[in-house]
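Take a look at the structure set out below.
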Ligand code: PLP
């Protein structure tokens, strides 16, 4: 931090921040030479860590050839290669990729193409969208309308779409009854979608959107087994499109290239970003099912949407190399192995902690839910601002983690999200646990 006030419009202008100057594998280094272990990949982005040699090489080479060719005039080899790779490895039925610059743009695209699809096939009356409470789909107005994070929506409520409706999330720790199996709970939670579709009028609903593993709003909440399968059945029964938002949980984060592979369910539209370019370039994408492509091909012939930087040449070349490194270095295997080790280590250290309610996740996507009282699952008083204190204290310790305050049944729940780079080893896991322990001990002592 320099002494003069920053002219950057930082989101929290009153909060001083260190100046990052370099990256080194799993660490970021600030201007004072302090090293921060990146245990959250920023916001679940930096899946290859920082300054990866193969990615840097591609970026240099691509800039020397061509940085940007506007997608309204040209396609490029990196763009075609990346689309082929994503589709060759995608869940059944997804046939083409629409490239954008980030997660919110991917969700906006999904909302718009869902709408256009129904116009193309003569079902103009399908205008309603359903998503879930405690979800986050981005900050642009369409994506925010879809999202169920009340804190983020509140200020902009008058600008949000009245066509977006919400059901309960699949959140076993909070909502599964004691006398229910996970599968029974999953069915009950999914059936809320059917009830909502019937309430709204089945032929008026265009799409249902959800994160297969909820990220920032609830602290890594995976769907229970069977939930997404039932969701798919319900969407098919009523002709509703299914959108999976894998912006945070996709691209290998759970140990599978696409998180929904583990659930054995394929959506009609799949949104990705973050890990796609691993932070080396801003890039996102929407994978589109064959039937939607066909409706547009044989209908108007044009998707009425787009952005200047879509299909950016340098970004697609960079993302392709990121994906090749993940494939060639068997990093998905590392994600599964290190993910288990990380959860086991957290369980060992914090499993009996009186303020740790739940430790959960898939692969290197891990959530720790903090509670004021373990027995009753009572949340902390939001006035304590615990999540901010944890973030600041962890940074002091040299640890980047991603604490959040989701809305839990109308109250504020505090969680810590961990999403370290896929290249971590056992020493990094030990360092995460140590630094987190010191952070929690200090912050929770003051919370009393
Ligand atoms: N969807 C999910 C699940 C996300 O986690 C995020 C960002 O955190 C977004 C969408 C929005 O992505 P972006 O911030 O790149 O616009």
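Taken as a whole, the structure places residue 189 among residues that are under 24 Å from the mean Cα position of the chain (by Cα) and either part of a loop (DSSP other than H, G, I, E, B) or surrounded by 19 or more Cβ atoms within 10 Å (Cβ to Cβ) (or both). Within region 148-177, the set of residues being within 16 Å of the ligand (Cβ to nearest atom), at pLDDT 95 or above and touching a helix residue (DSSP H, G or I) at 6+ places or on another chain (Cβ under 7 Å) comprises 156, 160, 164, 170. The residue of region 120-147 that is surrounded by the most Cβ atoms within 10 Å (Cβ to Cβ), among those that are part of a helix (DSSP H, G or I) and within 16 Å of the ligand (Cβ to nearest atom), is 146.
Within the set 234, 243, the sole residue that is in a strand (DSSP E or B) and either over 18 Å from residue 146 (Cα atoms) or within 16 Å of the ligand (Cβ to nearest atom) (or both) turns out to be 243.
Within the set 243, 197, the sole residue that is touching a strand residue (DSSP E or B) at 6+ places or on another chain (Cβ under 7 Å), farther than 28 Å from residue 416 by Cβ and crowded, with 19+ Cβ neighbours inside 10 Å turns out to be 197. Do we have residue 228 as within 20 Å of the chain's Cα centre (by Cα), within 30 Å of residue 203 (Cβ to Cβ) and in a strand (DSSP E or B) here? Here the answer is no, as residue 228 does not meet what is asked.
Filtering region 299-321 down to residues that are closer than 24 Å to residue 38 by Cβ and away from the ligand (no atom under 16 Å from the Cβ), which residue is surrounded by the fewest Cβ atoms within 10 Å (Cβ to Cβ)? If we take residues in region 299-321 being closer than 24 Å to residue 38 by Cβ and away from the ligand (no atom under 16 Å from the Cβ), then 314 is surrounded by the fewest Cβ atoms within 10 Å (Cβ to Cβ). Just one of the listed residues (258, 227, 238) is crowded, with 22+ Cβ neighbours inside 10 Å, in contact with a helix residue (DSSP H, G or I) (Cβ under 6 Å, 6 or more places away or on another chain) and touching a residue at least 24 places away in the same chain (Cβ under 8 Å), and it is 227. Taken over region 280-298, the criterion of being crowded, with 24+ Cβ neighbours inside 10 Å and within 13 Å of the ligand (Cβ to nearest atom) is satisfied by 283, 284, 285, 286.
From the list 216, 223, the one residue that fits, being modelled with pLDDT under 95, more than 23 Å from residue 373 (Cβ to Cβ) and in contact with a strand residue (DSSP E or B) (Cβ under 8 Å, 6 or more places away or on another chain), is 216. If the condition is being assigned to a helix (DSSP H, G or I), more than 16 Å from the ligand (Cβ to nearest atom) and under 29 Å from residue 61 (Cα atoms), then region 75-119 contributes 77, 78, 79, 80, 81, 82, 83, 84, 85, 86, 87, 88.
The values are calculated or read from the model by the stated rules, or taken from the named source; none is laboratory data. Model, not experiment: these values are computed from the prediction. FYI the Cβ positions are ideal-geometry reconstructions off the backbone, even for glycines, and counts take in every protein chain you see.
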